[in-house]
Amino acid sequence: MNRLNQLYAWLMLLPALVLLLAFTHIPALTTLWHSLFFPARGRRPSEFAGLENYRSMLDDAVFWQAFYNNLWYAIGTVPTSMGLALAMALWVNSKISGRAALRLAYFTPTMLPMIAVANIWLFFYTPEIGLFNKLLNSVGLSGINWLGDPNWALPSLMLMTIWKEAGFFMIFYLAALQSLNKDIYAAAAVENASPLYVFRRITLPLLMPTTLFVLVNAVLNAFKLVDHLFILTKGGPNNATNLLLYYIYENAFSFFDSNYAAALTLVLLTLLILLALVQFLLIERRVHYR
Amino acid sequence: MPTLTRMFSFTAAWTLGLVWIFPLLYAFWAAFHPAEYATRFDLFAPLTLEHFVTAWQQAPFMRYMFNTVMITGLILVFQLILCTLAGYALARMPFKGRSLIFALVLLQLMIVPEILIVENYRTLAKLELIDTWLGVGLPYMASAFGIFLLRQTFKTVPQELEDAARLEGCTWLGVLWKVYVPLAKPTYLAYGLVSVSHHWNNFLWPLVVTNTINSRPLTVGMAIFGAPESGVDWPVICAGTLIAIGPLLIVFLIFQRRFLQSFMHAGLK
Amino acid sequence: MLRSTKRLLATGFTAFALSTVAHAQTELTMYYPISVGGPLTDVVDGMISEFEAQHPDIKVNAIYAGNYNDTRVRALAALNSGQPAQLSVLFSIDVHELMGIDAIVPFDEVVETDEERAWLNSFYPALMENGVVDNQVWGIPFQRSTIVMYYNKDAFRTAGLDPEQPPQTWEEMVEMGQQLTVRGSNNEVDQWGLMIPSTGYPYWMFGALAMQNDEVLMNSEGNETFFNNPGVVEALTYWQDLSGKYAVMPQGMIEWGTLRQNFLEQKTAMMWHSTGNLTAVKDNASFDFGVAMLPANKRLGSPTGGGNFYLFKDASEEERRAALQLVRFMTSPEQAAHWSIATGYMGVSPASYETDALKAYVADFPPAAVARDQLEYATAELSTHESGRVRKLLDDAIQAALNGQQSAQEALDSAQNQAQRILSRY
């Protein structure tokens with residue numbers, strides 16, 4: 001019977017496991033393998049390259065730019081969208097008037113495909129005829145070439161990403177807030193604690209597990225979400241908005257160098273795993289479990 | 001709360017809300033008014049449907065929509081089946097190496113299929129599944145998130161219920177189907193909604209594996225339709241955008257309370 | 001699994017079709033890109049159905065796959081994964097790369113009769129420059145363009161300029177540009193003199209400036225570039241100066257995609273753009289506009305651009321013959337004329353301008369002939385091995401210089417070094 005159970009268990013796991021292995025674990029390993037070769041060119045077969053792809057990566061200014069862009073992009077989007085998400089959740093969870101409508105407004109960007117809203121934002125950002133510059137001009141300020149100026153391009157993308165994501169993270173905070181124990185707040189009210197104090201000493205610590213969850217997701221998104229680049233900037237001007245995954249796509253599917261793309265993928269994978277570890281180690285200690 | 005703080009809080013909350021909804025409102029404005037009003041706001045601007053007609057003629061939206069529905073549906077069905085089986089095995093069936101398997105599953109939470117487009121594309125090409133619905137769906141069917149979510153839910157089901165069903169002569173699958181699945185309904189709903197909205201909006205992987213309108217979903221179709229190269233025509237693009245997001249948006253508006261609660265439910269775990 | 005079922009069904013249907021119809025149908029799959037405005041897919045579909053009506057034994061699936069880059073990716077992906085694709089319209093400049101991965105066959109191998117061989121020579125020579133390598137024809141011109149200058153005649157009149165005298169030299173372009181730049185009360189520019197797009201295809205625009213300064217960007221073998229020749233650097237400096245020193249063009253990047261909109265909304269009096277946009281501009285302009293050849297510095301010049309027909313290697317003998325028939329149909333004088341009128345792309349052969357349709361159109365709307373007239377001064381556009389990478393190097397250098405991140409010299413030196421490192425393998 002026990003042996004039979006084991007068999008059943010494996011049978012039930014099998015389909016999921018096969019697909020997971022085929023599309024996550026094995027590709028992660030073959031990425032490493034393929035990164036050690038040069039691409040085949042026509043009749044010339046693929047040659048073993050050793051670490052040559054990695055060496056060219058170290059010399060590749062575009063790679064470094066995409067790498068740092070991605071870090072800035074994460075730093076620029078993650079805390080802001082999480083902070084906004086928390087604020088939104090607190091508002092929507094309070095007795096504010098019209099909160100159902102408000103909740104809807106916050107959440108709607110999450111429902112829209114990035115690729116479609118990117119086109120709408122392109123209109124906001126376009127110089128001369130775009131909405132933002134018309135607004136600036138109407139109050140007597142000169143316009144900005146939002147996506148065309150390397151100093152503004154990445155922040156402009158960040159702004160749009162924050163808009164897209166905050167509502168999504170709000171939901172997680174909202175869920176957590178609604179499940180909080182009301183007694184603690186009653187006790188705090190008896191103690192006459194200030195709202196700020198309550199927020200800092202009770203709400204925030206109790207939300208720590210959610211914060212961890214949202215943080216992991218937000219960081220992951222900062223590295224995997226590049227849809228808007230296809231419409232807004234294509235990584236330009238002069239790579240000012242190039243991000244790692246987009247650069248991987250370019251190498252694999254525009255330059256037909258899937259081997260160099262594999263080396264880049266490996267860097268991204270390593271980075272993500274490291275970040276995940278750091279986040280867990282740093283925050284695990286501060287999470288208050290029930 | 002003092003009135004002043006409340007006033008401030010109210011204003012801030014609603015300012016943010018308006019900013020957040022504005023792009024969608026703008027899309028409606030541009031799509032329903034003649035092109036010369038795209039950048040001019042006039043309450044009495046005449047309404048028109050011409051942009052919808054143009055957009056509809058410029059791209060096979062029905063076909064794209066059909067593909068999106070099939071792809072999302074295919075993914076969802078397989079996800080539900082695979083994740084239920086795997087989640088149950090991981091929650092309730094003791095076997096050797098369970099924690100290792102669980103760890104392997106969780107790894108996919110970090111190493112998402114999007115990152116591995118290059119290798120997965122190779123695999124799909126070998127399987128000759130490029131430009132098929134199945135090809136778009138395959139990497140997502142075994143979802144670590146789904147397995148994890150269902151495992152957690154199944155763990156909360158009282159063991160006694162299972163034992164009782166077992167006494168009545170139910171098999172493993174019978175127990176799963178009659179006891180666990182009904183009790184996990186809210187989780188299924190929540191997960192289903194998350195999955196559908198994610199795959200309805202997914203872009204990068206479908207861009208890579210689809211070639212023709214045989215499998216091209218709405219997002220990729222939108223990207224081609226609205227590609228800046230061909231000269232941006234905002235009213236038409238906005239109309240196309242509304243066509244593309246319409247079904248999901250309508251469903252969302254009708255079921256929004258349910259929808260948000262389900263999302264929250266998913267977040268809770 | 002799904003595929004094999006489909007295949008089974010397909011075989012079944014084919015068998016059925018074979019038993020009922022006397023001739024077997026040859027089925028062709030063709031990918032094509034669109035990179036300019038207007039409902040061009042309808043035009044292509046119309047041409048294809050006309051072809052099918054004339055050739056009932058050939059069925060064509062024409063697949064619109066996005067911009068040039070997307071289309072190349074799609075077509076090659078189809079080949080790699082065993083899906084049919086016998087021919088495609090791809091970037092004229094992809095020829096070295098397509099040859100490098102052994103994907104295409106020269107037309108010389110497919111043509112059989114003398115008449116067909118003569119057909120190979122019926123196109124404008126400048127349009128063949130990107131298609132002929134090693135004395136063999138690999139690409140047949142289809143949606144081909146040059147860069148032309150669109151200008152707003154009303155704006156010229158307002159500025160006191162002669163609307164029939166667009167600038168013919170770099171100096172004139174600057175002078176007129178300054179007169180055409182209109183500032184509002186708060187010193188904000190309401191209308192710029194000129195816009196040259198610097199996203200999308202900056203290397204292409206730059207090819208024009210370099211040629212006008214009597215320089216080329218690469219050799220015809222596609223294994224050497226000349227990005228930092230003094231004349232080339234000078235050309236980039238001039239482009240920089242247009243927005244810097246002369247202030248006739250806005251600072252920073254100018255979007256390829258939104259530029260037409262800028263011109264139509266009269267935010268710029270002149271723009272450089274593909275002639276493929278001509279019909280879209282004509283249909284939407286609310287003012288009197290003209291089209292002129294690009295101005296000269298040491299000489300006139302513009303690179304050609306756009307897409308050629310290629311034949312893929314992976315096709316049967318019948319399919320190749322059928323594909324050839326399709327290409328011949330699509331580039332025939334009548335169809336080329338129809339295509340040119342519908343889009344603004346040029347008629348690819350002198351014969352197409354001799355058709356009644358195009359003759360009448362040009363007589364009625366002279367701008368339609370500007371791109372053709374400019375062909376006399378045109379050259380191939382940047383085309384090298386690993387063209388995607390090399391192109392990006394130049395694009396990045398141009399953008400770095402225009403954004404003031406680097407001087408023209410620095411930017412082009414670095415692009416040249418990197419390009420040579422890549423090309424040293426060929």
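Read-outs throughout are calculated quantities, based only on the coordinates presented, and are distinct from any laboratory measurement. Please read all numbers here as calculations on a predicted model, not as lab measurements. Using ideal geometry, Cβ is built from the backbone for each residue, glycine included, and neighbour counts are taken over all protein chains shown.
By average Cβ neighbour count within 10 Å, what is the ranking of C:311-324, C:190-203 from highest down? Could you put the intermediate results ahead of the total?
Numbers: C:311-324: 18.4, C:190-203: 23.6.
Ranking the peptides C:311-324, C:190-203 by packing returns C:190-203, C:311-324.
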Sequence-distant residues sharing a close amide H with C:LEU28 (under 5 Å, placed H): C:LYS59, C:VAL60, C:ASN61
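Helix hunt in chain A: which complete DSSP H runs extend at least 30 Å axially by C-alpha with mean Kyte-Doolittle at least 1.0?
Details: long enough: A:61-93 (47 Å, 0.87); A:150-178 (43 Å, 0.92); A:258-284 (37 Å, 2.04).
Flagged H segments are A:258-284.
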Per-peptide average of other Cβ atoms within 10 Å, ordering A:144-150, C:79-85, A:100-106 highest first: A:144-150, A:100-106, C:79-85
Using alpha-carbon coordinates, inclination of helix B:61-92 to the longest axis of chain B, degrees: 20
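Given the rule -39500 (n - 2.57) for each run of at least 4 DSSP H residues, summed and divided by the residues of chain C, what is its mean residue ellipticity at 222 nm, to the nearest 500 deg cm²/dmol? It would help to have the intermediate numbers written out before the result.
On the way: 18 runs with 194 residues, N = 426.
After summing the helix terms and dividing by residue count, I get -13500 deg cm²/dmol.
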Test item: A:27-38 mean partner chain Cβ contacts at 10 Å: 3
Amide H within-cut-off set for C:THR169, under 5 Å, with H built and near neighbours excluded: C:ALA296
Nearest-ten-degree value, helix C:333-343 long axis tilted from longest Cα axis of chain C: 50
For residues of A:246-256, the mean tally of beta carbons on other chains within 10 Å: 6
For segment C:344-356, 3J(HN,Hα) per residue [Karplus equation, 6.51 cos²θ - 1.76 cosθ + 1.60, θ = phi - 60°, Hz, x = Gly/Pro]: x, 4, 7, x, 7, 10, x, 5, 5, 7, 8, 5, 4
Cut-off under 5 Å, modelled amide H: who pairs with B:HIS33 long-range: B:THR48
DSSP beta bridges in chain C [antiparallel fraction, %, rounded to 5]: 65
Counting DSSP beta bridges with both ends in the protein assembly as shown, the antiparallel % (nearest 5): 65
Inter-site label distance for B:GLU168 and C:ASP45 at 7 Å from Cα along Cβ, in nm: 5.6
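Which pairs in the list A:LYS164/A:LYS224; B:LYS126/C:LYS313; B:LYS155/B:LYS178; A:LYS134/C:LYS267; C:LYS153/C:LYS392; A:LYS134/C:LYS245 are over 24 Å apart, alpha-carbon to alpha-carbon?
Working: A:LYS164/A:LYS224 14 Å; B:LYS126/C:LYS313 20 Å; B:LYS155/B:LYS178 16 Å; A:LYS134/C:LYS267 13 Å; C:LYS153/C:LYS392 35 Å; A:LYS134/C:LYS245 26 Å.
Over 24 Å apart, Cα to Cα: C:LYS153/C:LYS392; A:LYS134/C:LYS245.
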In degrees, nearest ten, helix C:68-80 long axis to first principal axis of chain C (Cα): 20
Selection from C:SER332, C:ALA363, C:THR275, by position along the positive dipole direction of segment C:232-385 (Cβ): C:THR275
Packing rank of B:109-122, A:19-32, where each peptide gets the mean count of other beta carbons within 10 Å, highest leading: B:109-122, A:19-32
Averaged over C:186-192, number of beta-carbon atoms from partner chains that fall within 10 Å: 3
